[in-house]
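Working notes, beginning with the structure itself.
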Amino acid sequence: MNNMESANHVRGRSVYLDDIPVLHNTLYGAVLGSKAAHAKITGVHLEDAMAVKGVERIFTSADIPGQNEIGGIIADEPLFASDETHYYGQPIALVVARDELTARRAAGLIKIISEPLEIITDPRIAREREEFLIPPRTFRLGEIEEAWDQCEYIFEGSVDSGAQEHLYIETQGAYAYPADNGGIKIHSSTQGPTAVQRITAQVLGMTMNQIEVDVARLGGGFGGKEDQATGFAVMTALAAYHLHRPVKLVLPRHDDIRMTGKRHPYSSDFRIGLSKDYRIIAFKATMYQNGGASADLSPAIMERTLFHSTNAYFIPNTEVTVYSCRTNLPPNTAFRGFGAPQGIFVIESAIALAAYKLNIPARLIQKTNLLKEKDLFQYGQVASGSNIKECFNEASEKFQLNNKEKEINDFNASSPNARRGMAVMPVCFGISFTNTTMNQARALVHIYQDGSIGISTGAIEMGQGVNTKLAQIAAAVFSVNINRVKLETTNTSRVANTSPTAASSGTDLNGNALIIACNALSARLKKVASAITGCNAEDISFHNEIIFKESTPTELTWQELIKEAFLKRVSLSEIGHYTTPKIFFDKTSEKGNPFAYHVYGTAIITVTVDCIRGTYDIDEVLIVHDFGNSLNPVIDKGQIEGGVLQGLGWSTMEEIVFNSEGRLLSDTLSTYKVPDIYSAPSRLECIPLETTGPELAVMKSKAVGEPPFMYGIGAYFAIQNAIKAFNPGYTPDFNLPMTPEKVLRNLYSK
Amino acid sequence: MVTFILNNTTVSTDKPSGSTLLDFIRTEMGLKGTKAGCREGDCGACTVLLGTLEGNKMIYKNIVACLTPIGNIHRCHIVTIEGINGENLTIVQKAVVENAATQCGFCTPGFVMSLTSDCLSENKSDSDTLINAVSGNICRCTGYKSIERAASEIAAAMREKDQKDPVRWLVSQNSLPGYFLTIPERLMNIPEKDFSTAGGRLVAGGTDLYVREADALAEKEIASLYRKEELTKTELKENSLTIGTSLTINELKQSEIISESYPGIISSLESVASEPVRNMATIGGNIVNASPIADFTIILLALNADVTISSHETERTIALKNLYKGYKKLDLKENEYLRSVRINIEPSLFSFEKISKRKHLDIASVNSAMTIITNGKFIEQCTISAGGVSPVPLTLVMTSAFLTGKTLCPDLIVSAVTVMEEEISPISDIRGSAGYKRLLLRQLLFAHFIKLFPDVIKLEDLI
C-alpha cells in the first residue's frame, strides 16, 4: 500500500507549517545570529533596527519571564545568548515585524559589540583542554590488555568522519498564537512536540497544560527536528506571549543551515588485533565526538556510538571510549543513525586497514567475525534472532559476489582510464531508545457513530509513512476498510508526554499502543455483537467490515455494530499505553539489555572511478535486509532507498566545512551538495531476508528508518578499492567523505 | 504594471517588478502548493511552468519561481501545481503516487511540475528527457529510485503523445485542465510591454543576481532584458555567428548552427546548472556575472569569442578575454550592457571538461575548454581556457601558444603542463584546495587530448 497522503502531496494540498492559513494580525520573526563563534558580548544596540518601519519589537534574553534555558538532556543551552556567544549563528535576538522582509532587514541592523575569546573547532583540542559536554564513557568486554598477546597481527590507525547537514527541504519553523485560556498554541515543525511544550513552559514560566503543540507533518526531519526545532518554536511562543498576537517564524535556508547543528564529526584512534585465521581478538578505540557548543542530544548519540562500535561482529575483547567534546560549533544533533554510522565507520576502517596490510579482501575478515546467535554484545545483551550471517551469505550468493569480483578484475585489466571497486557492508542496528524511559507511547482511538475512526498518537509523520502504517494496523485489528481510518495531527493536548519520533521506533511504539487501544475497543464491540447475535463474545470476529459469529458471516456490518454500541452507551474511545518490555540498561556497569531487537542486513556496493578526473559513479548497491514480516513493503523499500542515498551522500559528496573562526563555509545549497537524481546508484536492489520477525516489533515488522543509512558507508571502501587498483602507491586513509578531491589526490599520491 | 495569466486567472499587479514570483504566488495569491526550499534555485521546490507565446502556440518550460522577478513574466502563462489539478490525477501525478515517488511530500509539487513540463514540451518524453526535467529538483527522502520508476511509467504513457501539440493531447487525455486551450488567445489580448527601459537594475534571467540580491531587489523596479526580442537572435554571416546575450542556455541548445559546428558544446551544456536554470539563465548573464568559474564563459573563451557592448550612445566590440579586469571586475561602464557575442565557426574540434563535487547542478572546482585544429598530428591552432584557477575566467594564452605549431605526442602534453603551471594562480576555497585545482587542471588538459585523440594520447603515457 502506498503512503495514504501521496494523493494530496502530488496535488500540492498537504499542509506544512508555512502553509497554515495565517490569522489576522500575524507578525513575522527573523533571528539574529552571532557573527562571532566565541566572544564576550559587551553591547547590544537595537536602536537602528527598532527604527525600521514595521518593526514591532525585538526580543533578547532580557525578555524571558522564565528560564533562558532550552537544553533537553542537560541545562546548558540558552535560548538567546546573553553574556557570551558560543558558536557562529547562535541566536541573540528575535526581531518581530509586520512581514518577513522587514524583520530580516531590521535584524541586519542590530549591532553586537563583543570581545573575541579562544575558538575551538577541533574535538582533539577540546580534549586537551578538557572541554567536555559530559564525562567520557567506556564500554568493555573481555580483557583487552591481555588480549593483545594472543594476536598474530596488530594494526593501528586514525579515522575521521565529517558532519552532515540534514537538508530537510522544509526549513525549521513555528507559528504561535495566544489561546483563549491564557495559554499559547504552537504549530511547530518538530519531531518532538512534547519537548517543545515542556521547554516553552519552562522559558515562559508557565505550566505544560497551558501550552498546546500541534504538528500536522514535516517536510523532512531525519533527526534535525528532534531537538533543534524547539528553540525556534519557543521564540515564536515568547513573542506571542508578550505581544498577544500570532507570530510566525520560518527560517530562511541560509539561517537554518548556519544556526542548526549537524551530524557529529568524529575523530578517532583505533587498535585492532587479529589471529592468524583473521578472527578479531581485540579492538580498542578512542573517539572524540565533536559535540558543538552545548549538549543537545550528544550524550545519547555518544551512547549509541558505543553500542554500535563493533557493528555486526563478535569481538571478545573490546574497549571503546568516547569523549563528548565541547567546541564552538552549533550544537551537533540527531541525524539518521544517531552516532552509529560514526562508530561503524571506525570498526570498518580498522578492518579495511588490516585487510590492506594483510593483502586480503576485507570481506574475509568481515565474514570470519560475524555475530552468531547467543554471542555477547559488549554492552551485555545476548544476540538473539541474529540474522547477520544469513544476510551476508544470501547477499553473496544471490548477487554472485565471486562472479562480481571476476568481472571487476576483467574490467580493470581492460580499462585504461577507469577502475572499479567493490565493498561489502554488513549492518547491525539496535532498536529502542537507549534511554529506557523513552520507550513508551500512547494512542487515542475514537470510533465515531458513523463507523469512521480517528487516531491520535505521539508519532510525527515526516515522510517515513508512519501514518499509513498506523492506519494499516487499526484497519487490520478491526478488519475494516482502511478508508475509514484517519490519522489526526500530533497534538500534545490529545496525547501527552510523548517521546520524539526518532530512533526508528515511531511505528513500533505508537503502533503497539494503537494495537492495545484497538484490542480494548474490539473486546467491547465483540460484547455488543455477541448480545445482538446471541453467542459468546469469544465467538465473534471481524472480517472485512462484516461481523462473524463462529466463523460464519452474520447480517451485522461494522457500521451497524458501531451504531448499536453507541445507542447502548458503550464507550467508543480508548487510549492505549505501551511500554517496551524486557529492556533495561545500567549506566554504572554499562551493561544491560537495551534493545528490543536488532535489525540486520548486508549490502554489496560497486563503484567506478574515473581515473583521469577523480570522479566516480555508484554502480550498484545490492542488499539483503531483514525486515521481519514487513507491514508495508512499499514504504519499507522507500526507507531503504532513501537511507542508502543519504548514507552515500555522507560518505562521498556531502562536505561540511568550517573555517578556523568557526564560520560555516558550506552554508548554501550551491556549496553544500546532497545527492541529486543523477547521483543515485544505477542499480539499487533489496531482497528481503525471509524471516518471521521478532515479537517485539510491531506485528513482527521490524523498524526500518535508520539501519539502511549505514549501507552507504560501503561506498567509501569501494572507492578505496578502485583507487588501489589504479595506484599501487596508495596507502588507504580514513577521512570521510570521499570527495572527488580526495579521490584525485589518492589516485596520484605516491 | 505586470500582467500575466496565473493558472486560469489573468493577473495584473503593481507590485515592484523586482519582487519574486515565488512571493507573489505564495503571499499575494495564497497558493501554497509551491514551496520555498532554498531561494537559490538549487532545490526545485518552487518549480512552476513558464508558458510563452510563440506565434499562436504555447511553449512551456519549468523555471524556479524564487529567482524569477515578476518583471520577467509579463504576457506569460505561469502554472503552479494548483493549475494542473483536475478531478482526477494527471498522468504524472498518478505515476508519482503509484510508484511511491513521494515521501514527506515537500519537494513533490516541484517534481510534478518539472515532469509535467517535459510532457508539455515537444520532447518525446522518454525516461531520459523526463529525468533531465527533474535535474534541478532535490528530494532528501526517496533516494530517487522511485522517481525514476515513476518517470518510466510516464514515459510509457507518453509514447502516444502528439509531439506537435502536446497541450491539446494532454487535455484530451484528461491529464491537463481544458482551460489551457484558451491561453494563447488570452495572452494575445495582453498588450506587449518593454520592461527593459524601465530604469533600475538590469536583470536578465535573474539566476545569479537573485541568489544574492533577492531581498535587495524585492521592493524595487528592475529593467528586464529577459526575452527581449532583439537580444535573443542568432545570426550567421559567412563564418561568423552572432548570439544575442538574452538567449538562454537552453535556447542556445536548440541552435542548429551550433549543433552542426560544435556538437560538443551542446552535450557540454548538460553539466551546466539544471534544466529550470538553463531555461532562465542567459548567455549575457553568465558573462557579466564574471565568476572565474562561469561554465559558458569558459566555453566562449576557448572559441575566441568577441563581445559587443552597447550603451545609448556607443557600441564597441572587444575580445571576451579582455572584458575581465580582475576578480568580478569588468570593462563595462555603468550605462553599458552586453548586446551580443560573436564566435567564428571553424573546422576545429571542441572539448569541455568540468569537475564539481556533484556531477550535475553544481559549480565547478575547475572547468576547461579547448578548441583545436590539427593536420595529421600537427597542431595548427589551439585555444584552451580554464576556470577556477585565477581571479578571472582565463584563456591559457601561454599554454595555447606553446602547443600551436607543434606535433601532438604525449611528451608535448606533459611539457604543456609545465607551461600551464606558470599561468595559473588557484586559491584554496570551498570548491577545493589550490593544490587540488592545479592537479585537476592538469588532468583536464589530459582529458581534452585523451578524449579528442584517443589513438595518440593515452593516460598511461602521461603519468
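The values are calculated or read from the model by the stated rules, or taken from the named source; none is laboratory data. What you see is a predicted model; the values in this text were computed from it and never measured. Backbone-built Cβ (ideal geometry, glycine too); neighbour counts: all protein chains shown. Areas reflect the complete protein model, heavy atoms only, side chains present, ligands, DNA and RNA absent. Shrake-Rupley method; radii C 1.70, N 1.55, O 1.52, S 1.80 Å.
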Exercise. Sorted by packing (mean other beta-carbon atoms within 10 Å per residue), highest first, where do B:229-242, A:14-27 land?
Worked result: A:14-27, B:229-242
For this session: Name the residues whose placed amide hydrogens come within less than 5 Å of the amide hydrogen of A:Ile70, ignoring near sequence neighbours (fewer than 5 apart) on the same chain.
Result: A:Glu77, A:Leu79
Problem set entry | Delta accessible area of at least 10 Å² on complex formation, residues of the range B:440-463, 1.4 Å probe, chain isolated as reference | B:Leu440, B:Arg442, B:Gln443, B:Ala447, B:Ile450, B:Leu459, B:Glu460, B:Ile463
Exercise. Between rounded, prolate and oblate, where does chain B land on the alpha carbon gyration tensor, with a ≥ b ≥ c its root eigenvalues, rounded for a/c under 1.5, else prolate if a/b exceeds b/c?
Worked result: prolate
For this session: Search the structure for amide H atoms under 5 Å from the amide H of A:Glu56, placed 1.01 Å from N in the peptide plane, and list their residues when 5 or more places away or on another chain.
Result: A:Val96, A:Ala97, A:Arg98
For this session: Would you kindly derive the ³J(HN,Hα) couplings of the range A:646-653 from the backbone phi angles with the Karplus curve 6.51 cos²θ - 1.76 cosθ + 1.60 (θ = phi - 60°), listing them in order in whole Hz, with x for Gly and Pro?
Result: 5, x, 4, x, 4, 7, 10, 9
Seminar exercise, completed: For the protein assembly as shown, whose charge dipole is built from +1 on Lys and Arg Cβ atoms and -1 on Asp and Glu Cβ atoms, the candidate among A:Asn181, B:Gln443, B:Met188 with its Cα farthest towards the positive end is A:Asn181
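Kirkwood hydrodynamic radius (Cα pairs, Å) of chain A? Intermediate results must be reported in sequence, preceding the final value.
On the way: mean 1/r = 0.0367 Å⁻¹.
Evaluated over chain A, this radius sits at 27.2 Å.
Counting only protein heavy atoms and using a 1.4 Å probe, what share of the accessible area of the range A:440-579 belongs to carbon plus sulfur, as a whole percent?
Values: 2760 of 5560 Å².
With neighbouring chains kept in place, the figure for the range A:440-579 is 50 percent.
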Exercise. Which FRET efficiency value, to the nearest 0.05, do you get for B:His312 and B:Glu213 by plugging their Cβ-Cβ distance into 1/(1 + (r/R0)^6) with R0 = 25 Å?
Worked result: 0.50
For this session: Step through the residues of the range A:571-576 one at a time and calculate ³J(HN,Hα) from phi using the Karplus curve (6.51 cos²θ - 1.76 cosθ + 1.60, θ = phi - 60°), rounding each to whole Hz and writing x for Gly and Pro.
Result: 5, 9, 10, 7, 10, x
For this session: Could you please state, rounded to a whole Å, how far the C-alpha centre of the range B:327-400 is from the C-alpha centre of the range A:246-297?
Result: 42
Exercise. Which residues' amide hydrogens lie under 5 Å from the amide hydrogen of A:Thr327, considering only partners 5 or more residues apart or on another chain, with H built in the peptide plane?
Worked result: A:Gly291, A:Gly292, A:Ala293
Problem set entry | Test item: Cα-centred dipole of the range A:440-579, Lys/Arg +1 and Asp/Glu -1 on Cβ, debye | 300
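For the range A:440-579, how many pairs of lysine residues have a Cα-Cα distance under 15 Å, where the two are 8 or more positions apart or belong to different chains? The partial results should precede the final answer.
Working: A:Lys469/A:Lys486; A:Lys526/A:Lys549; A:Lys526/A:Lys563; A:Lys526/A:Lys568; A:Lys527/A:Lys549; A:Lys527/A:Lys563; A:Lys527/A:Lys568.
Close lysine pairs found across the range A:440-579: 7.
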Seminar exercise, completed: Expressed in angstrom and rounded, the centroid-to-centroid distance over alpha carbons for the range A:22-59 and the range A:501-566 is 55
Problem set entry | Cleavage-rule hits (GluC sites (Glu not before Pro)) in the range B:57-157: DSSP loop, at most 10 neighbouring Cβ within 10 angstrom | B:Glu87
Exercise. So how do B:382-391, A:633-642, A:709-718 stack up, highest first, on mean other-Cβ count within 10 Å?
Worked result: A:709-718, B:382-391, A:633-642
For this session: Find how many whole Å separate the alpha carbon centroid of the range A:692-721 from the alpha carbon centroid of the range A:154-233.
Result: 26
Seminar exercise, completed: On protein heavy atoms with a 1.4 Å probe, the accessible surface that disappears when B meets A, both sides summed and given to 100 Å², is 6300
Exercise. Considering only protein heavy atoms, what per residue accessible area in square angstrom results for the range A:440-579 with a 1.4 angstrom probe?
Worked result: 40
Seminar exercise, completed: Phi angles of the range A:236-251, converted by Karplus (6.51 cos²θ - 1.76 cosθ + 1.60, θ = phi - 60°) into ³J(HN,Hα) in whole Hz with x for Gly and Pro, give 5, 5, 4, 5, 5, 4, 6, 8, 6, 9, x, 10, 10, 9, 10, 6
